[in-house]
1. Considering every residue within region B:46-56, establish whether at least one is among the β-branched types (Val, Ile, Thr), open to solvent by less than 100 Å² (accessible area, probe 1.4 Å) and closer than 30 Å to residue B:126 by Cα.
2. So residue A:101 passes all but one of these: (1) more than 26 Å from residue B:226 (Cβ to Cβ); (2) at pLDDT 80 or above; (3) not acidic (Asp, Glu). Which condition number does it fail?
3. Which ones in region A:63-96 are open to solvent by less than 20 Å² (accessible area, probe 1.4 Å), facing chain B (nearest Cβ under 10 Å) and either more than 19 Å from residue A:140 (Cβ to Cβ) or among the β-branched types (Val, Ile, Thr) (or both)?
4. Looking at region B:146-157, which of its residues are open to solvent by 50 Å² or more (accessible area, probe 1.4 Å), without any contact (Cβ under 8 Å) to a residue 24 or more places away in the chain and part of a strand (DSSP E or B)?
5. Pairs, please: C-beta under 9 Å, at least 6 apart or cross-chain, first residue at positive phi and in region A:143-169, second open to solvent by less than 10 Å² (accessible area, probe 1.4 Å)?
6. What about residue B:18, is it surrounded by 10 or more Cβ atoms within 10 Å (Cβ to Cβ) and in contact with an Asp or Glu (Cβ under 7 Å, 6 or more places away or on another chain)?
7. Name the residues in region A:52-62 that are open to solvent by 70 Å² or more (accessible area, probe 1.4 Å), assigned to a helix (DSSP H, G or I) and not hydroxyl-bearing (Ser, Thr, Tyr), would you?
Amino acid sequence: MRPTDGAAPFDDPAYLFEPWWPGIHAFVLIDGEAVVLQADALADPNPAFPELTDVAGLVRSDGVLIEATILVLDARARPSADLLRRRLEGQWRDGTALRPGRTALVATDLLRLGGRSIARRPFGERRGELAALLRPSSWCLAGRGFSGEGIAVARALGELGFHWVSAHRLDAPYRPGPAGDAWFRVPIREPAERTPPPFLAVARRLGL
Amino acid sequence: MARSMWRGAIQFGLVTIPVRLYLATESKSLSFNMLHETCLNRIQQRIYCPHDDEIISRGDTVRGFEYAKDQYVVVTDEDLASVPLNTVRAIEIERFVPARPAEGEPPRFVKQEYWVEPEAVGRKAFSLLRSVLEDKGLVAICKVVIKDREALAALEPNGRTFLLETLFWPDEIRSTAELDLPEDEVAVKPAERAMAEQLVATMTGEFDPAQYRDEYREALLGVIEGKIEGRETAAPAEAEPGGELIDLMAALEASVAAARASRQAAADEEPEEEAASRARTRARRAPATEGETEVAHASPRRRRKTA
């Protein structure tokens with residue numbers, strides 16, 4: 001599913017708002033003994049992110065397909081593009097430098113559960129199943145979303161250094177290809193300074 | 001670009017288009033030299049004749065073809081030069097075929113690719129042929145002699161030029177008959193198939209070669225550079241101190257709660273009349289103008305049907 005670019009943050013109770021995680025888009029497939037971690041543009045993500053080999057132990061069910069984002073966190077627990085780049089460059093692998101940052105996996109959608117597709121179920125239900133599926137850990141979590149209040153979420157994310165907010169329609173099924181109104185990627189912008197109308201400004205100056 | 005490695009002409013009926021070929025690819029693989037373990041000097045391979053028990057020079061050798069066990073016929077340079085070939089300096093087009101092999105046709109196994117560049121006198125005919133093949137979705141199957149060997153090749157329009165792909169001859173392609181392959185009707189549960197189809201669907205996208213690189217070569221170069229600088233290689237070190245994801249989620253929740261509270265406080269402090277006035281204004285102003293973030297006029301593009 002490919003998101004639609006939105007214009008600006010908005011409030012809508014039909015949507016779940018969460019960070020647009022700045023990392024590598026990935027799928028985790030667990031089917032019996034087979035555990036496949038497929039990351040965009042990486043033939044094998046394990047050398048760059050050796051911590052991810054433990055992900056199967058955190059999933060409570062079998063026959064699952066999870067959509068997720070791989071992040072590298074800095075010392076303040078913020079996603080770092082620089083640390084991610086250093087991870088991928090791999091110069092640390094010769095043992096002369098510390099492994100850059102700490103790897104984290106944020107699960108954002110669940111497409112199969114118990115060997116059956118749940119892609120046609122509403123996104124809100126899929127996220128509920130996803131939250132129940134993952135065992136608590138410090139590095140792999142289901143994403144935390146907030147329904148309705150996109151503007152407040154965007155402001156909060158802006159303060160944390162994020163640049164985009166993701167808005168998923170809660171009643172939408174998963175659909176391959178363009179998402180339409182099921183999923184938006186919205187830029188976080190500072191709200192425009194509101195200029196009061198001239199008569200209101202004069203009234204305020206007069207203390208009215 | 002590097003200098004051309006072949007000059008000749010595309011032969012097409014009575015048309016001759018002078019062209020040059022350039023290698024389209026280059027290998028970036030790392031290569032190693034064999035050293036003597038004790039002195040670390042490069043070893044030499046010498047030509048040894050076990051019959052006479054002596055080391056000989058390359059000039060003392062001739063070319064032999066083994067026609068039966070230990071029975072050879074000597075093939076001289078003159079013999080090779082006497083082989084009749086029509087394609088010594090020509091890319092001889094044999095026929096035109098669809099660019100993609102049809103269902104059931106064997107795939108075209110490529111040996112080497114070359115960019116084709118027209119000589120000044122052949123530019124117009126070159127462009128004409130390229131344009132016609134591109135419009136018709138065709139490639140030219142041809143023969144060409146490169147490095148004293150005749151090759152089957154496909155001449156395919158590519159951007160403003162052609163890509164000449166030398167192909168393996170049919171008898172050079174090994175059959176799959178000896179492979180232990182699963183039956184067509186292998187027993188697969190519907191759920192297994194559905195899962196595989198879903199994974200394929202979610203990973204289907206466009207191929208952008210720029211996104212891929214040889215990670216093994218880069219890692220190996222890192223090891224080599226480390227050795228040159230006197231560093232010892234070792235297993236990956238411990239991670240730099242990094243925060244926990246759970247801390248980030250907590251920070252996110254706290255920040256959103258603060259933003260909500262701030263927004264609520266602003267709404268509470270707003271004079272009732274002003275709020276009502278602004279609500280009326282909002283109702284009149286949908287859809288949003290750029291940069292505004294209020295609820296009623298910050299609609300995503302879907303509402304403007306631009307998404």
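The values are calculated or read from the model by the stated rules, or taken from the named source; none is laboratory data. Being a predicted model, the structure only gives us computed values, none of them experimental. Methodologically, a virtual Cβ is constructed for each residue, glycine included, from the backbone with ideal geometry; neighbour enumeration extends over all protein chains shown. These area figures cover heavy atoms from the full protein model, side chains too; ligands, DNA and RNA do not enter into them. Shrake-Rupley method; radii C 1.70, N 1.55, O 1.52, S 1.80 Å.
1. No, that holds for no residue.
2. (1)
3. Selection gives A:64, A:72, A:90, A:92, A:94.
4. B:149
5. Note: pairs meeting the criteria are A:148/A:15; A:148/A:17.
6. Working: surrounded by 10 or more Cβ atoms within 10 Å (Cβ to Cβ): yes; in contact with an Asp or Glu (Cβ under 7 Å, 6 or more places away or on another chain): yes.
Spelling it out, residue B:18 is indeed surrounded by 10 or more Cβ atoms within 10 Å (Cβ to Cβ) and in contact with an Asp or Glu (Cβ under 7 Å, 6 or more places away or on another chain).
7. Initial filter on region A:52-62 (open to solvent by 70 Å² or more (accessible area, probe 1.4 Å)): A:53-54, A:60, A:62.
If we keep only those that are assigned to a helix (DSSP H, G or I) too, we end up with A:53-54.
Result: A:54, single match.
Yes or no, residue by residue, for (1) more than 17 Å from the chain's Cα centre (by Cα); (2) within 17 Å of residue B:243 (Cβ to Cβ); (3) crowded, with 21+ Cβ neighbours inside 10 Å:
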site	(1), (2), (3)
A:104	no, yes, yes
A:112	yes, no, yes
A:116	yes, no, no
A:123	no, no, yes
A:126	no, no, yes
A:129	no, no, no
A:143	no, yes, yes
A:150	no, no, yes
